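Have a look at the structure below, then the notes.
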Amino acid sequence: MSPSTTPTLTGRWSGDLLLEATRTRMTWTLTQDTTQVSGPALVLLPSGTVLLNGSLSGTLNGTTLDYTITVAPGGIPAQPPCAGQIRGAVTVVGSPASALDGRFSLISSVCAPPVTGGTFVLTRQ
């Protein structure tokens, strides 16, 4: 990928995420406008139960997407009053983009979080 080529991230991305020894599925449905990327971010149990429903916004710089996921009250169905933000970065893998290799950190929360950070890989669906 040449430095002047901006990867296209519009679409659905999904991958496994381990939370407290529980395998979950994280899915991002992204829309891209030049270097600005946004869309819903979901974390689901294998049963389909929603653990987290947030809104992702980020900026693409070369092959790195710096992002923030904002979780509003009600975004964690098991704990409706909870809200917070997760921040991280992903590296775009492949040309055309086929995977997002990322990390995340909890930066704010109004309740005790089950996890404060980790890594993941999302693949284009």
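The values are calculated or read from the model by the stated rules, or taken from the named source; none is laboratory data. Please read all numbers here as calculations on a predicted model, not as lab measurements. FYI the Cβ positions are ideal-geometry reconstructions off the backbone, even for glycines, and counts take in every protein chain you see. For accessibility, only protein heavy atoms count, side chains too; no ligands or nucleic acids. Shrake-Rupley method; radii C 1.70, N 1.55, O 1.52, S 1.80 Å.
Expressed as a rounded percentage, what relative contact order does the chain have, with Cα pairs under 8 Å and six or more residues apart? Result for the chain is 22 percent.
Computed from phi, the 3J(HN,Hα) profile of segment 99-111 under the Karplus parametrisation 6.51, -1.76, 1.60 (θ = phi - 60°) reads 8, 10, 9, x, 9, 9, 9, 6, 10, 7, 7, 9, 9 Hz, with x in place of Gly and Pro. Taking packing as the residue-averaged number of other Cβ atoms within 10 angstrom, the listed peptides 71-79, 87-95, 44-52 run from highest to lowest as 87-95, 71-79, 44-52. One decimal place: the segment Ser98-Ser47 gains 15.8 nm when fully extended, by the rule 0.36 nm per residue minus the C-alpha distance.
Taking only the Cα atoms of the chain, the ratio Rg/Rh comes out at 0.97, with Rh defined as the Kirkwood radius.
Protein heavy-atom accessible surface, 1.4 Å probe, per residue over the chain: 53 Å².
Spatial offset of segment 1-57 relative to segment 83-115 amounts to 9 Å, using the alpha carbon center of each. The fraction of accessible area contributed by carbon and sulfur in the chain is 55 percent, rounded to a whole number (1.4 Å probe; ligands and nucleic acids excluded).
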